[in-house]
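The values are calculated or read from the model by the stated rules, or taken from the named source; none is laboratory data. Only a predicted model underlies this, so the values are computations on that prediction, with no experimental measurement involved. In this analysis, Cβ positions are derived from the backbone assuming ideal geometry, glycine residues included, and neighbour counts consider all displayed protein chains.
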Amino acid sequence: MVGHWVPKEVTPADAGAEATAQGLIGHLRGLGDLEPVLTRHKALVFRGFRVTRTELEEVMDLLLPNRLAYVHGNSPRTKVGENVYTSTEYPQEYTISMHNEMSYAHQWPARLLFFCDREPATGGATPVVDGVRWLEALDAEVREGFAGGVRYSQNLHGGRGLGKSWQETFETESRSEVETFLKGAEAEWEWRQDGSLRVTQLRPATARHPVTGTEVWFNQADQWHAAGLGSETAAALYQIMPAEDLPQNVTFADGSPIPDHYITQIRDRGLESAVDVDWHTGDLMLIDNMLVGHGRRPFTGPRRVLVAMSD
């Protein structure tokens, strides 16, 4: 088992800088290339610089040189700026399990930046997990079961229905643009008579970091599988419709079902292995999206955390 890991925290005192956004900007410019620092520490938390929403853009330009749109994202978000989004709009009383952003996709963001625009009254931490630790925490039976990869399926409605629409998912009204994207993503797709779109993708269950060569758990099987929502919710969903017709579903690569207890083990051990990062207004966290998974703890109050991503 890998040793205990925590994100690297940077404060104005650590940086020898003023407790302002300009102090942080000066510190980041002094660092130069951030890539080796982020790869070494896996996650960087910037606290106490009191960055405001209006000052965020200049900070993001340094932390995320090439911001990406959330195209083909599967979670509900609101776009609030130029490739800046709210974090997942999931009911605040629930935990969001660990995941690497868009690990189900052909291409995923290399970096994620979180910004606390408004801290919660209680709770609301972002748990982060070392992908190596998560992989090692799983039973050999589970790791071996996923060796062949996973098959993700999405059913995206055309404007009305359960889950997300294909227009919202791909940020376009053009079917040809969607098809061009999916062809590049090596996905299979089918337009249906009711205007919905079915997308299927075959992906590996683990990945190796391009710099370190480290193998990490890197898939979202537990979030795409109904059992990840709990046994009662899963049972209710299966009564409504078969698994293959749900907004999203996942199987082993050969199409065989993934046992429910595999899914709950993945979900639970990811959360058990995680470190909580609590939020205060003005905090930021930058993570390597391959080396580190993230989630969300339940909270009370008007928590507002924004997220942006880059390649």
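Against the list (1) under 30 Å from Glu190 (Cβ atoms); (2) in contact (Cβ under 8 Å) with a residue 24 or more places away in the chain, the condition Glu93 fails is (1). From the list Val51, Val84, the one residue that fits, being under 30 Å from Pro247 (Cα atoms), surrounded by 20 or more Cβ atoms within 10 Å (Cβ to Cβ) and at pLDDT 75 or above, is Val84. Mind telling me which of the residues Pro76, Pro65 ends up being assigned to a loop (DSSP other than H, G, I, E, B), outside the structural domain of Ile263 (by TED's automatic domain parsing), farther than 30 Å from Ile25 by Cα and modelled with pLDDT under 90? That would be Pro76, the only listed residue that is assigned to a loop (DSSP other than H, G, I, E, B), outside the structural domain of Ile263 (by TED's automatic domain parsing), farther than 30 Å from Ile25 by Cα and modelled with pLDDT under 90. Within region 162-212, if we keep just the residues that are among the β-branched types (Val, Ile, Thr), surrounded by fewer than 19 Cβ atoms within 10 Å (Cβ to Cβ) and in contact with a strand residue (DSSP E or B) (Cβ under 6 Å, 6 or more places away or on another chain), the residue that is nearest to Asp130 (Cα to Cα) turns out to be Thr206. For region 272-288, the candidate set comprises residues that are within 18 Å of the chain's Cα centre (by Cα) and surrounded by fewer than 17 Cβ atoms within 10 Å (Cβ to Cβ); within that set, the residue that is farthest from Met309 (Cα to Cα) is Glu272.
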